[in-house]
Amino acid sequence: MEDKKTIFSGVQSSGFLTLGNYIGALRNWAKLQYDYNCLFSVVDLHSITVRQVPAELKRRALEILKLYIASGIDPEKNILFFQSHVPQHAELAWVLGCYTYMGELSRMTQFKDKSTRHADNINSGLFTYPILMAADILLYQTDLVPVGSDQKQHLELARDIAIRFNGIYGDVFTVPEPYIGEVGARVMSLQDPTKKMSKSDENPNSYIAMLDDTDTIIRKIKRAVTDSEGEIVFREGKDGINNLLTIYGAVTDKTIPEVEKEFSGRGYGEFKAAVGEAVADCLRPVRQRFDELSKNKDYVEKTYKEGAKRAEYLAAKTLRKVYKKIGFIER
Ligand code: ATP
Ligand code: LTN
(Lines give C-alpha, C1' and ligand atoms only; values in the text may rest on other atoms or scores of the structure.)
(Ligands and ions follow the chains in the order given, each with its own letter.)
Protein backbone atom coordinates (compact mmCIF):
# COMPACT_ATOMS: atom_id res chain seq x y z
CA MET A 1 0.00 0.00 0.00
CA GLU A 2 1.10 3.53 -0.67
CA ASP A 3 2.46 5.57 2.19
CA LYS A 4 -0.78 7.32 3.06
CA LYS A 5 -2.99 7.16 6.12
CA THR A 6 -5.49 4.31 6.28
CA ILE A 7 -9.24 4.79 6.43
CA PHE A 8 -11.81 2.10 7.24
CA SER A 9 -15.56 2.37 7.21
CA GLY A 10 -18.59 0.23 6.58
CA VAL A 11 -22.34 0.07 6.24
CA GLN A 12 -24.48 -2.73 7.61
CA SER A 13 -26.47 -4.75 5.12
CA SER A 14 -29.74 -4.23 6.94
CA GLY A 15 -31.90 -2.25 4.50
CA PHE A 16 -32.06 -0.03 1.42
CA LEU A 17 -29.45 2.70 1.51
CA THR A 18 -31.02 6.11 1.78
CA LEU A 19 -30.31 9.64 0.67
CA GLY A 20 -28.97 10.09 4.24
CA ASN A 21 -26.39 7.35 3.70
CA TYR A 22 -25.43 8.91 0.37
CA ILE A 23 -25.05 12.50 1.60
CA GLY A 24 -23.65 11.55 5.02
CA ALA A 25 -21.36 8.70 3.99
CA LEU A 26 -20.90 7.30 0.47
CA ARG A 27 -20.53 10.60 -1.36
CA ASN A 28 -17.88 11.74 1.14
CA TRP A 29 -16.02 8.44 1.03
CA ALA A 30 -15.63 8.86 -2.71
CA LYS A 31 -13.77 12.12 -2.04
CA LEU A 32 -11.29 10.44 0.34
CA GLN A 33 -9.97 7.90 -2.14
CA TYR A 34 -7.28 10.20 -3.55
CA ASP A 35 -5.64 11.11 -0.27
CA TYR A 36 -5.93 7.92 1.79
CA ASN A 37 -5.66 4.16 1.56
CA CYS A 38 -9.29 3.27 2.00
CA LEU A 39 -11.08 0.06 2.92
CA PHE A 40 -14.85 0.09 2.62
CA SER A 41 -16.65 -3.00 3.78
CA VAL A 42 -20.23 -4.21 3.66
CA VAL A 43 -20.37 -5.32 7.28
CA ASP A 44 -22.68 -8.27 6.84
CA LEU A 45 -21.62 -10.03 10.05
CA HIS A 46 -22.89 -7.03 11.97
CA SER A 47 -26.30 -7.13 10.33
CA ILE A 48 -27.32 -10.49 11.84
CA THR A 49 -27.61 -8.99 15.33
CA VAL A 50 -31.14 -8.31 14.05
CA ARG A 51 -32.96 -11.22 12.38
CA GLN A 52 -32.55 -11.21 8.56
CA VAL A 53 -34.31 -13.16 5.82
CA PRO A 54 -31.49 -15.07 4.01
CA ALA A 55 -32.49 -14.22 0.43
CA GLU A 56 -32.99 -10.56 1.30
CA LEU A 57 -29.72 -10.32 3.17
CA LYS A 58 -27.93 -11.68 0.12
CA ARG A 59 -29.63 -9.27 -2.26
CA ARG A 60 -29.04 -6.24 -0.04
CA ALA A 61 -25.41 -6.98 0.67
CA LEU A 62 -24.69 -7.12 -3.06
CA GLU A 63 -26.80 -4.03 -3.66
CA ILE A 64 -24.75 -2.04 -1.12
CA LEU A 65 -21.46 -3.11 -2.67
CA LYS A 66 -22.74 -2.00 -6.09
CA LEU A 67 -23.91 1.30 -4.59
CA TYR A 68 -20.40 1.93 -3.24
CA ILE A 69 -19.05 1.62 -6.78
CA ALA A 70 -21.97 3.54 -8.33
CA SER A 71 -21.29 6.41 -5.88
CA GLY A 72 -17.85 6.81 -7.41
CA ILE A 73 -15.74 4.70 -5.07
CA ASP A 74 -13.20 3.18 -7.46
CA PRO A 75 -12.53 -0.53 -6.79
CA GLU A 76 -9.02 -0.14 -8.18
CA LYS A 77 -8.08 2.62 -5.74
CA ASN A 78 -9.92 1.25 -2.71
CA ILE A 79 -10.41 -2.12 -1.09
CA LEU A 80 -14.13 -3.04 -1.31
CA PHE A 81 -15.20 -6.27 0.34
CA PHE A 82 -17.72 -8.23 2.37
CA GLN A 83 -16.78 -8.56 6.03
CA SER A 84 -17.82 -12.24 6.08
CA HIS A 85 -15.23 -13.03 3.38
CA VAL A 86 -12.33 -12.15 5.68
CA PRO A 87 -12.34 -14.60 8.61
CA GLN A 88 -9.90 -12.55 10.66
CA HIS A 89 -12.71 -10.14 11.65
CA ALA A 90 -14.47 -12.80 13.70
CA GLU A 91 -11.19 -14.20 15.01
CA LEU A 92 -9.86 -10.88 16.27
CA ALA A 93 -13.29 -10.09 17.74
CA TRP A 94 -12.96 -13.16 19.99
CA VAL A 95 -9.55 -12.03 21.17
CA LEU A 96 -10.60 -8.43 21.78
CA GLY A 97 -13.64 -9.63 23.69
CA CYS A 98 -11.25 -10.95 26.32
CA TYR A 99 -9.90 -7.42 26.75
CA THR A 100 -13.27 -5.65 26.97
CA TYR A 101 -15.31 -5.28 30.14
CA MET A 102 -19.00 -6.02 30.55
CA GLY A 103 -19.37 -2.59 32.14
CA GLU A 104 -18.02 -0.89 29.02
CA LEU A 105 -20.43 -2.72 26.75
CA SER A 106 -23.37 -2.04 29.06
CA ARG A 107 -22.84 1.69 28.63
CA MET A 108 -23.28 1.63 24.83
CA THR A 109 -26.38 3.60 23.87
CA GLN A 110 -26.94 1.65 20.63
CA PHE A 111 -27.26 -1.56 22.67
CA LYS A 112 -29.75 0.10 25.00
CA ASP A 113 -31.72 1.42 22.00
CA LYS A 114 -31.73 -1.75 19.96
CA SER A 115 -32.54 -4.00 22.89
CA THR A 116 -35.59 -1.87 23.59
CA ARG A 117 -36.64 -1.91 19.94
CA HIS A 118 -36.05 -5.67 19.54
CA ALA A 119 -37.08 -6.80 23.01
CA ASP A 120 -37.92 -10.30 21.73
CA ASN A 121 -34.35 -10.87 20.48
CA ILE A 122 -31.78 -9.42 22.87
CA ASN A 123 -29.00 -11.71 21.69
CA SER A 124 -25.42 -11.59 22.91
CA GLY A 125 -24.25 -10.43 19.45
CA LEU A 126 -26.17 -7.22 19.97
CA PHE A 127 -24.21 -6.76 23.19
CA THR A 128 -20.78 -7.61 21.76
CA TYR A 129 -21.37 -5.75 18.48
CA PRO A 130 -18.86 -2.96 19.36
CA ILE A 131 -16.10 -5.57 19.81
CA LEU A 132 -16.57 -6.76 16.23
CA MET A 133 -16.51 -3.15 15.09
CA ALA A 134 -13.25 -2.62 17.01
CA ALA A 135 -11.83 -5.69 15.25
CA ASP A 136 -12.87 -4.29 11.83
CA ILE A 137 -10.95 -1.12 12.54
CA LEU A 138 -7.88 -2.46 14.36
CA LEU A 139 -7.19 -5.28 11.86
CA TYR A 140 -6.11 -2.75 9.23
CA GLN A 141 -4.04 -0.49 11.51
CA THR A 142 -6.60 2.15 10.65
CA ASP A 143 -5.69 5.79 11.33
CA LEU A 144 -9.05 7.40 10.61
CA VAL A 145 -12.65 6.24 10.72
CA PRO A 146 -15.33 8.38 9.04
CA VAL A 147 -18.53 7.77 10.99
CA GLY A 148 -21.60 9.71 12.00
CA SER A 149 -22.05 11.01 15.53
CA ASP A 150 -24.11 7.96 16.52
CA GLN A 151 -20.97 5.80 16.17
CA LYS A 152 -18.60 7.99 18.20
CA GLN A 153 -19.14 5.97 21.36
CA HIS A 154 -18.24 2.73 19.56
CA LEU A 155 -15.13 4.30 18.12
CA GLU A 156 -14.11 5.56 21.55
CA LEU A 157 -14.39 1.98 22.83
CA ALA A 158 -12.23 0.71 19.93
CA ARG A 159 -9.59 3.24 20.97
CA ASP A 160 -9.79 2.15 24.62
CA ILE A 161 -9.38 -1.49 23.64
CA ALA A 162 -6.38 -0.68 21.42
CA ILE A 163 -4.71 1.37 24.14
CA ARG A 164 -5.34 -1.35 26.71
CA PHE A 165 -3.93 -4.08 24.45
CA ASN A 166 -0.89 -1.98 23.52
CA GLY A 167 -0.35 -1.27 27.21
CA ILE A 168 0.02 -5.00 27.91
CA TYR A 169 1.85 -6.20 24.78
CA GLY A 170 3.64 -3.19 23.28
CA ASP A 171 2.67 -1.35 20.12
CA VAL A 172 0.43 -3.79 18.29
CA PHE A 173 -2.44 -1.58 17.10
CA THR A 174 -2.63 1.89 15.63
CA VAL A 175 -5.03 3.86 17.82
CA PRO A 176 -7.75 5.12 15.45
CA GLU A 177 -9.21 8.62 15.40
CA PRO A 178 -12.67 9.64 14.22
CA TYR A 179 -12.60 11.41 10.87
CA ILE A 180 -14.64 14.56 10.88
CA GLY A 181 -14.73 15.85 7.33
CA GLU A 182 -16.49 18.97 6.15
CA VAL A 183 -19.63 19.21 8.20
CA GLY A 184 -21.66 16.41 6.68
CA ALA A 185 -25.32 17.27 6.44
CA ARG A 186 -27.57 15.23 8.67
CA VAL A 187 -30.62 14.26 6.69
CA MET A 188 -33.79 13.89 8.72
CA SER A 189 -36.87 11.72 8.24
CA LEU A 190 -39.42 13.17 5.81
CA GLN A 191 -42.27 12.10 8.07
CA ASP A 192 -40.77 13.00 11.45
CA PRO A 193 -38.06 15.60 10.82
CA THR A 194 -36.85 15.44 14.43
CA LYS A 195 -35.52 11.90 13.77
CA LYS A 196 -32.70 11.05 11.37
CA MET A 197 -33.59 9.51 8.02
CA SER A 198 -32.92 5.83 8.60
CA LYS A 199 -32.89 2.78 6.36
CA SER A 200 -34.46 0.67 9.07
CA ASP A 201 -37.53 2.93 9.36
CA GLU A 202 -40.74 0.99 8.79
CA ASN A 203 -42.42 3.77 6.82
CA PRO A 204 -40.93 4.00 3.29
CA ASN A 205 -42.34 7.53 2.94
CA SER A 206 -39.93 8.66 5.65
CA TYR A 207 -36.86 8.10 3.48
CA ILE A 208 -35.65 8.42 -0.10
CA ALA A 209 -33.94 5.17 -1.07
CA MET A 210 -30.86 5.69 -3.23
CA LEU A 211 -32.55 3.56 -5.89
CA ASP A 212 -36.00 5.19 -5.82
CA ASP A 213 -37.09 6.32 -9.28
CA THR A 214 -37.79 9.95 -10.16
CA ASP A 215 -41.58 9.76 -9.67
CA THR A 216 -41.23 8.11 -6.28
CA ILE A 217 -38.70 10.71 -5.14
CA ILE A 218 -40.92 13.59 -6.24
CA ARG A 219 -43.96 12.04 -4.58
CA LYS A 220 -42.18 11.39 -1.26
CA ILE A 221 -40.79 14.93 -1.10
CA LYS A 222 -44.22 16.34 -1.93
CA ARG A 223 -45.64 14.44 1.07
CA ALA A 224 -42.86 15.54 3.44
CA VAL A 225 -44.11 16.97 6.71
CA THR A 226 -43.60 20.76 6.96
CA ASP A 227 -45.47 23.52 8.85
CA SER A 228 -48.28 25.94 8.13
CA GLU A 229 -46.27 29.17 8.18
CA GLY A 230 -45.53 29.26 4.47
CA GLU A 231 -42.10 30.86 4.82
CA ILE A 232 -39.00 29.19 3.37
CA VAL A 233 -36.33 30.06 5.94
CA PHE A 234 -34.06 28.00 8.16
CA ARG A 235 -35.24 28.62 11.68
CA GLU A 236 -35.62 26.74 14.96
CA GLY A 237 -38.93 24.94 15.14
CA LYS A 238 -39.22 24.59 11.34
CA ASP A 239 -37.71 21.09 11.29
CA GLY A 240 -39.42 19.98 8.08
CA ILE A 241 -38.43 23.05 6.05
CA ASN A 242 -34.94 23.05 7.59
CA ASN A 243 -34.54 19.48 6.41
CA LEU A 244 -35.67 20.26 2.85
CA LEU A 245 -33.34 23.28 2.76
CA THR A 246 -30.48 21.07 3.93
CA ILE A 247 -31.26 18.39 1.36
CA TYR A 248 -31.56 20.88 -1.50
CA GLY A 249 -28.33 22.59 -0.45
CA ALA A 250 -26.49 19.26 -0.23
CA VAL A 251 -27.58 17.94 -3.62
CA THR A 252 -27.02 21.24 -5.47
CA ASP A 253 -23.85 22.24 -3.57
CA LYS A 254 -25.42 25.50 -2.42
CA THR A 255 -25.35 27.09 1.02
CA ILE A 256 -28.55 27.44 3.05
CA PRO A 257 -28.61 31.28 2.69
CA GLU A 258 -28.29 30.85 -1.09
CA VAL A 259 -31.23 28.46 -1.12
CA GLU A 260 -33.32 30.73 1.13
CA LYS A 261 -32.70 33.59 -1.29
CA GLU A 262 -33.56 31.46 -4.32
CA PHE A 263 -36.97 30.56 -2.85
CA SER A 264 -37.79 33.74 -0.99
CA GLY A 265 -41.43 34.66 -1.50
CA ARG A 266 -42.29 31.33 -3.15
CA GLY A 267 -44.70 28.70 -1.86
CA TYR A 268 -44.03 25.31 -0.27
CA GLY A 269 -45.54 23.47 -3.25
CA GLU A 270 -43.12 25.02 -5.69
CA PHE A 271 -40.21 24.52 -3.28
CA LYS A 272 -41.00 20.85 -2.73
CA ALA A 273 -41.23 20.27 -6.48
CA ALA A 274 -37.77 21.85 -6.93
CA VAL A 275 -36.28 19.76 -4.11
CA GLY A 276 -37.78 16.59 -5.62
CA GLU A 277 -36.30 17.37 -9.05
CA ALA A 278 -32.90 18.22 -7.58
CA VAL A 279 -32.72 15.02 -5.54
CA ALA A 280 -33.79 12.97 -8.55
CA ASP A 281 -31.12 14.67 -10.71
CA CYS A 282 -28.49 13.93 -8.10
CA LEU A 283 -29.36 10.25 -7.70
CA ARG A 284 -30.08 9.52 -11.38
CA PRO A 285 -26.45 8.98 -12.46
CA VAL A 286 -25.86 6.76 -9.42
CA ARG A 287 -28.87 4.66 -10.36
CA GLN A 288 -27.71 4.45 -13.97
CA ARG A 289 -24.26 3.22 -12.92
CA PHE A 290 -25.94 0.79 -10.56
CA ASP A 291 -28.05 -0.61 -13.43
CA GLU A 292 -24.95 -1.01 -15.60
CA LEU A 293 -23.17 -2.87 -12.80
CA SER A 294 -26.18 -5.13 -12.38
CA LYS A 295 -25.69 -6.23 -15.98
CA ASN A 296 -22.03 -6.91 -15.34
CA LYS A 297 -22.05 -9.64 -12.70
CA ASP A 298 -18.55 -10.85 -13.53
CA TYR A 299 -17.04 -7.45 -12.90
CA VAL A 300 -18.81 -7.10 -9.56
CA GLU A 301 -17.77 -10.59 -8.51
CA LYS A 302 -14.19 -9.93 -9.51
CA THR A 303 -14.25 -6.71 -7.48
CA TYR A 304 -15.35 -8.28 -4.21
CA LYS A 305 -13.16 -11.35 -4.60
CA GLU A 306 -10.12 -9.22 -5.28
CA GLY A 307 -11.13 -6.91 -2.39
CA ALA A 308 -11.36 -9.84 0.04
CA LYS A 309 -7.95 -11.09 -1.06
CA ARG A 310 -6.30 -7.73 -0.50
CA ALA A 311 -8.09 -7.18 2.81
CA GLU A 312 -7.21 -10.66 4.05
CA TYR A 313 -3.53 -10.15 3.32
CA LEU A 314 -3.48 -7.09 5.59
CA ALA A 315 -5.76 -8.62 8.22
CA ALA A 316 -3.71 -11.81 8.48
CA LYS A 317 -0.58 -9.79 9.10
CA THR A 318 -2.13 -8.03 12.10
CA LEU A 319 -3.72 -11.19 13.47
CA ARG A 320 -0.37 -13.07 13.28
CA LYS A 321 1.23 -10.32 15.30
CA VAL A 322 -1.58 -10.41 17.87
CA TYR A 323 -1.36 -14.20 18.30
CA LYS A 324 2.39 -14.05 18.66
CA LYS A 325 2.24 -11.32 21.30
CA ILE A 326 -0.39 -13.20 23.28
CA GLY A 327 1.84 -16.29 23.33
CA PHE A 328 0.01 -18.75 21.04
CA ILE A 329 2.30 -21.34 19.44
CA GLU A 330 3.14 -20.42 15.84
CA ARG A 331 1.85 -22.69 13.09
P1 ATP B 1 -29.90 1.93 10.71
O2 ATP B 1 -31.10 2.79 10.57
O3 ATP B 1 -30.09 0.51 10.26
O4 ATP B 1 -29.21 2.05 12.04
P5 ATP B 1 -28.59 3.93 9.13
O6 ATP B 1 -29.42 4.27 7.97
O7 ATP B 1 -28.59 4.84 10.29
O8 ATP B 1 -28.89 2.46 9.63
P9 ATP B 1 -25.83 3.18 9.18
O10 ATP B 1 -25.50 1.89 8.57
O11 ATP B 1 -25.87 3.25 10.67
O12 ATP B 1 -27.17 3.74 8.54
O13 ATP B 1 -24.88 4.31 8.69
C14 ATP B 1 -23.99 4.24 7.62
C15 ATP B 1 -23.37 5.60 7.43
O16 ATP B 1 -24.34 6.51 6.88
C17 ATP B 1 -22.86 6.24 8.73
O18 ATP B 1 -21.58 6.79 8.48
C19 ATP B 1 -23.87 7.31 9.04
O20 ATP B 1 -23.28 8.41 9.69
C21 ATP B 1 -24.41 7.71 7.66
N22 ATP B 1 -25.82 8.11 7.78
C23 ATP B 1 -26.86 7.28 8.02
N24 ATP B 1 -28.02 7.96 8.05
C25 ATP B 1 -27.72 9.26 7.84
C26 ATP B 1 -28.49 10.48 7.79
N27 ATP B 1 -29.80 10.45 7.92
N28 ATP B 1 -27.86 11.64 7.51
C29 ATP B 1 -26.52 11.65 7.36
N30 ATP B 1 -25.73 10.55 7.41
C31 ATP B 1 -26.30 9.37 7.66
N1 LTN C 1 -21.57 0.27 13.44
C2 LTN C 1 -21.55 0.99 12.19
C3 LTN C 1 -21.15 0.11 11.03
C4 LTN C 1 -19.76 -0.38 11.22
C5 LTN C 1 -18.58 0.38 11.10
C6 LTN C 1 -17.50 -0.51 11.36
C7 LTN C 1 -18.33 1.72 10.79
C8 LTN C 1 -19.37 -1.65 11.56
N9 LTN C 1 -18.02 -1.73 11.65
C10 LTN C 1 -16.19 -0.07 11.35
C11 LTN C 1 -17.00 2.14 10.79
C12 LTN C 1 -15.96 1.26 11.07
C13 LTN C 1 -22.94 1.54 11.92
O14 LTN C 1 -23.90 0.99 12.41
N15 LTN C 1 -23.01 2.61 11.16
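The values are calculated or read from the model by the stated rules, or taken from the named source; none is laboratory data. Quantities reported herein were computed from a predicted structural model and do not represent experimental measurements. Here the Cβ positions follow ideal geometry from the backbone for every residue, glycine too, while neighbour counts run over all protein chains shown. When the accessible area is computed, the model is the full protein with side chains, heavy atoms only, and any ligands, DNA or RNA have been set aside. Shrake-Rupley method; radii C 1.70, N 1.55, O 1.52, S 1.80 Å.
Overview of values
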| read-out | value |
| --- | --- |
| Criterion: among the basic types (Lys, Arg), touching a residue at least 40 places away in the same chain (Cβ under 8 Å) and more than 30 Å from residue 237 (Cβ to Cβ) - qualifying residue of 186, 164, 159 | 164 |
| Verdict on residue 60 being among the basic types (Lys, Arg) and surrounded by 17 or more Cβ atoms within 10 Å (Cβ to Cβ) | yes |
| Selected residue (only one of 273, 278 is touching a helix residue (DSSP H, G or I) at 6+ places or on another chain (Cβ under 9 Å) and surrounded by 15 or more Cβ atoms within 10 Å (Cβ to Cβ)) | 278 |
| Candidates 150, 160 - the one that is open to solvent by 30 Å² or more (accessible area, probe 1.4 Å), more than 20 Å from residue 11 (Cβ to Cβ) and within 16 Å of ligand 2 (Cβ to nearest atom) | 160 |
| Top-ranked residue of segment 198-245 - restricted to ones that are among the small types (Gly, Ala, Ser) and away from ligand 1 (no atom under 15 Å from the Cβ), ranked as nearest to the chain's Cα centre (by Cα) | 237 |
| Test: residue in segment 211-225 that is within 16 Å of ligand 2 (Cβ to nearest atom) and open to solvent by less than 40 Å² (accessible area, probe 1.4 Å) | no |
| Residues (open to solvent by less than 90 Å² (accessible area, probe 1.4 Å), among the hydroxyl-bearing types (Ser, Thr, Tyr) and more than 23 Å from the chain's Cα centre (by Cα)) located in segment 300-320 | 318 |
| Residue satisfying all of: in segment 112-147; in contact with a strand residue (DSSP E or B) (Cβ under 9 Å, 6 or more places away or on another chain), in a loop (DSSP other than H, G, I, E, B) and within 16 Å of ligand 1 (Cβ to nearest atom); most open to solvent (accessible area, probe 1.4 Å) among these | 147 |
| Among (1) more than 14 Å from the chain's Cα centre (by Cα); (2) buried (at least 22 other Cβ atoms within 10 Å of the Cβ), the one test that residue 105 misses | (2) |
| Any pair with Cβ under 7 angstrom, 6 or more apart, that starts in segment 231-243 at a residue that is open to solvent by 20 Å² or more (accessible area, probe 1.4 Å) and ends at one that is part of a helix (DSSP H, G or I) | 233/260; 234/242; 234/245; 234/256; 234/260 |
| Condition check for residue 186: open to solvent by 50 Å² or more (accessible area, probe 1.4 Å) and farther than 21 Å from residue 253 by Cα | no |
